Structures are given as structure tokens and as C-alpha cells.
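Data first, discussion second: the structure below is written as C-alpha cells.
The values are calculated or read from the model by the stated rules, or taken from the named source; none is laboratory data. All figures in this text were calculated on a predicted structure; none of them were measured in a lab. Please note: Cβ atoms are built from the backbone with ideal geometry, for glycine as well, and neighbour counts cover all protein chains shown.
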Amino acid sequence: MNMKRKAIILITEGVSRPLLEKWCAQGLLPGFTRLVKEGSSGGLRSDLVPYEPPGLITAFSGQSAGEHGWFSYWNVHNNDYRPRPLTSDELRHPLIWQRPEFASQRFAVINVFGTHPPTPLNGWLVTYPMRQTLNACYPRDLFWSLSNRGLHYTHDVSVWFSGQSQKEFLPLVLEADRRRGELALTLLDEGADAVIVNLTGIDRTSHCYWQELEEGSPVPVTESAVFQAYQLCDQLIERLIERLTPETSLLAFSEIGFGTLRAYCSLNSHLEQAGFLKTNNSGAEQTIDWEKTTAFEAVQGTHGINLNLSGRYAEGHVKAEDYSQLREEVMAALRESINPYTGLGLFRQVLPREEVYAGASVAQAPDIIVDPADERYLPLGDPFWATHVYRTRQSGWHRRDSYWAGMGELFGATERAQVASLLDIGPTLCRMLDMDVPKEFKGSALTSR
């Protein structure tokens, strides 16, 4: 009798492939090393703008960002100009565990953006809330029942960086990931057919303490915050490998890579210099004069610019018939922008959104997308949220390139030369569960058979 196939998906958010390969070669990450050597692996590349929300929604919906319409943690266009966090009831395409053809599969989904507020599923769900809440799991009593067994949980929003020292902040980040790992192992042992767990410690530490990895840093590599986050993931990988059976396979990946950040550049400043934006000074706070503003920077992580379109915004005045011409003028001005830190051109490309994204939800994207010429100098994003998340205190930011690695009977022991896409994750999970790939999924499975 054929046994039911099971799948483990481990998202190690923020892994830099060069760092991973270096530390594996030095024998510092035995779990990752074994996963890569005994399984199948390769590079994984995001869209032009590398960011967690569009990457994860693409991975588990089987649709590109232009189709699913999620480009950040926040919506890109809001009538009052204040981006608000996106919620699960705004998904335009179901995630795999929400699809009716997967109703027979018991899922355990932990800490994946796009799942809050929780919706019922066959199994267990721990959401990714953007604010403190008691309603962040399904079944509703899941946290209560787990805590009675000594299993506690910490949401990302509960571990907030505001410039703390490594000694103060790092233990909280590692403990949050450790708890996610323990929960994943527990639910796997309790009968989940598919466990999907997102560890965010590598991403968090890479944002906050990347400077510890820079040349000349006094911090030994093995004492750096970033390495310790990798090490915790590595330890979980070793434990997951030990749970593999002929029916169970493991896929690890990151939807983003990472690298050095030198500074954020306010695109609003460049737009103001070019005459497309007007600010008012109100005491210590600088505000935008919307009646005199034609274009402004979109929310962080989108690398975008929005036009102040009439009907879309409360004080929008750009007429629909003037949209195309004004957008061309704004793009032309941005192409002349100079990086104030290097004296060189700020952007490699300045593109209309239709040249970056394709699909039914392109209108949800910023009107203009910029591609930085130097990845160390990036757009600041909407100033409200940039200030709220202490963005200017970061020393590392996302890159497009990361990795994937699969282990189990469905994966051969090879390194793939072809770089994978996030669209390949959904079909791969389907094959791992011995399920047909939905016809509307765009990618191809990474399994060998």
C-alpha cells in the first residue's frame, strides 16, 4: 500500500547565497551542507524588486505579482495617502492550503505573510499579524492548548528593532525563530501532511547588524548576529532531515537574498527638486502639500512612485487624460537624479509599471518603478512608515538572488544550473504532496520526478 506523501517547506528568509556557500565551505553550517550535498539545489531569483510580501504570495498562490497585486506589506494606493497593512481577505488568488482540491491535505502554516486574519483550514495556522492581537491562529484555541503543553509563540511584531544593541535584541529574535521551529516539529509529529514554516531571524539580523560582517569589523564571524541566525536555521534543518522518510521530502528556500546597505535616498526630495512635489513645514514636521503635488514616493519596498491621480486620492488632481504625458515627464526627471553619496546616477532604469509587471492586478502597483544603479543606495519609501519602522537605522537590505534546496526521494543529488523562480515553489509543493499542479499555476516543479 502506498503511503501518503508529506512535505516540509522551510523558508529561511533573507539568506545570502554567497554567505551560505562560504560558511558551508568552512564547515560552519552542517545542516545546510548536508541538504545541498545530498539533495538538489540551485539559485532562486525574485522579481525586479525583491521583497517578502510579493515573493511569498507568488510562491504559494502560483501567480506573479502582476496577477496577485501584492507589492508590499502595505497597500500601494490608499485614498488618504496613508498606506495600510494588507489582510488575508484581500487576496485575489487562494493560497495552496485554501484551494478546495487540497482540502484532504492537513496543513500546518506558521508565520507566512498574507495569512492574517486567520481563516479556517484543514489543520493549523499561525498567522503573520502586523499589529498585536489575540486572534492570530486557527483553531482559535491553538495558542492556549500549546501553552498548556509548554509550547509558546512570539510574533514578529512583538520583536521590534529600534536601535538596540545585539546583546539586547538578538536573543529575542533567535527565541522567536526557535519557537517557530519547535512548533513546526510538533505539528509534523502530530499528523500534518504539509508543514510550512517561515523563519525570519536571518532577515531581521541582516537588516540590523550587517555591519558586523563588513571588512574591518571587530566582531568575529561566529559571534555576529547574522551568523547566529543562520546557525539556528541550520540546527532546525538537521532536525528536519532526521525526520525524513521515503514518503517525506524537505524544501528550503528564501524569497530574497541580502547585501550591504549604505543609505536610503528620499525620492520625494528628488521629486521636489524637479517641481513635482511641494512640502509644507509645520513646526518640526514636514508635510506634503497634496494640492500642489503631482508625484510622490510609494510605500517602502516597492521602489515606486505614484502620480496624484484624480479619483484615486482624496486630493488627487492629475486628470486621467494627462496621466501618460505626466508620467513620462516624471520618469524623465528621475532618470537625471544623482546619488548624493556617490555623485553618480541614482537609477539604472526608471520604468512604467507595465514594463515590470504583467497581469490583471498591475493597477495595484506603483505607477513608476525605479531600479537603483547601486544596490547599496535604495529608495526610502513613504516617510510615515519609513520612520515608524526605524528604516534609516538599517545596515543591510534585500537582493534578488538567493537559493533553494530540496531533499528526499523526489529530489536528486544535483545542483541545478538554471536559476529557479518563486513561481516554481507552488508546483514543487504540489509534487511533494503527490497532488496535481493546478492548471493556472505558472511555474514548474523543482523535483526530479
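See the values below:
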item	result
Restricting segment 245-268 to residues that are more than 15 Å from V36 (Cα to Cα) and of a type in the set (A, V, I, L, M, F, W, C), the residue that is surrounded by the fewest Cβ atoms within 10 Å (Cβ to Cβ)	A263
Hits in segment 79-127 (condition: without any contact (Cβ under 8 Å) to a residue 24 or more places away in the chain, out of contact with any strand residue (DSSP E or B) (no Cβ under 7 Å at 6 or more places or on another chain), more than 24 Å from K4 (Cα to Cα) and not in a helix (DSSP H, G or I))	none
The listed residue being in contact with a Gly (Cβ under 6 Å, 6 or more places away or on another chain), surrounded by 13 or more Cβ atoms within 10 Å (Cβ to Cβ) and among the hydroxyl-bearing types (S, T, Y), out of Y341, Y323, Y357, Y390	Y357
Answer from A192, A225 - the residue that is in contact (Cβ under 8 Å) with a residue 24 or more places away in the chain, surrounded by 17 or more Cβ atoms within 10 Å (Cβ to Cβ) and over 21 Å from R17 (Cα atoms)	A192
Matching strands (runs of 3 or more DSSP E) fully within segment 346-425 where at least 3 residues are of a type in the set (K, R) and closer than 25 Å to P83 by Cα	none
Long-range neighbours under 9 Å by Cβ, at least six apart or interchain, first residue at pLDDT 95 or above and assigned to a helix (DSSP H, G or I) within segment 320-333, second buried (at least 16 other Cβ atoms within 10 Å of the Cβ) and among the charged types (D, E, K, R)	Y323/D367; R327/D367; V330/D367
Matching residues, segment 46-84, being within 21 Å of L307 (Cα to Cα) and more than 14 Å from the chain's Cα centre (by Cα)	G66, G69, N75, V76, H77, N78, N79, D80, Y81, R82, P83, R84
Where a residue in segment 295-309 is at positive phi and its partner, wherever it lies, is surrounded by fewer than 24 Cβ atoms within 10 Å (Cβ to Cβ) and β-branched (V, I, T), with Cβ under 7 Å and at least six apart	none
Whichever residue in segment 47-71 is surrounded by fewer than 24 Cβ atoms within 10 Å (Cβ to Cβ) and hydroxyl-bearing (S, T, Y) and, among such residues, is farthest from I237 (Cα to Cα)	S64
Members of segment 23-37 found to be among the charged types (D, E, K, R) and either touching a helix residue (DSSP H, G or I) at 6+ places or on another chain (Cβ under 8 Å) or not assigned by TED's automatic domain parsing to the domain that holds R239 (or both), listed by number	R34
Conditions (1) without any contact (Cβ under 8 Å) to a residue 40 or more places away in the chain; (2) in contact with a helix residue (DSSP H, G or I) (Cβ under 6 Å, 6 or more places away or on another chain): number failed by F60	(1)
Members of segment 409-423 that are under 21 Å from the mean Cα position of the chain (by Cα) and closer than 22 Å to I241 by Cβ	A420
Unmet criterion (only one of (1) aliphatic (A, V, I, L, M); (2) more than 20 Å from the chain's Cα centre (by Cα); (3) modelled with pLDDT of 95 or more) for A108	(2)
Total residues in segment 149-189, condition in a loop (DSSP other than H, G, I, E, B), of a type outside the set (G, A, S) and either touching a residue at least 60 places away in the same chain (Cβ under 8 Å) or more than 19 Å from T133 (Cα to Cα) (or both)	3
So F113, is it at pLDDT 95 or above and touching a helix residue (DSSP H, G or I) at 6+ places or on another chain (Cβ under 8 Å)	yes
In segment 427-443, the residues that are surrounded by fewer than 16 Cβ atoms within 10 Å (Cβ to Cβ) and within 20 Å of the chain's Cα centre (by Cα)	none
Unique match (being at pLDDT 95 or above, in a helix (DSSP H, G or I) and either of a type in the set (G, A, S) or more than 14 Å from the chain's Cα centre (by Cα) (or both)) among G43, G31, G14	G31
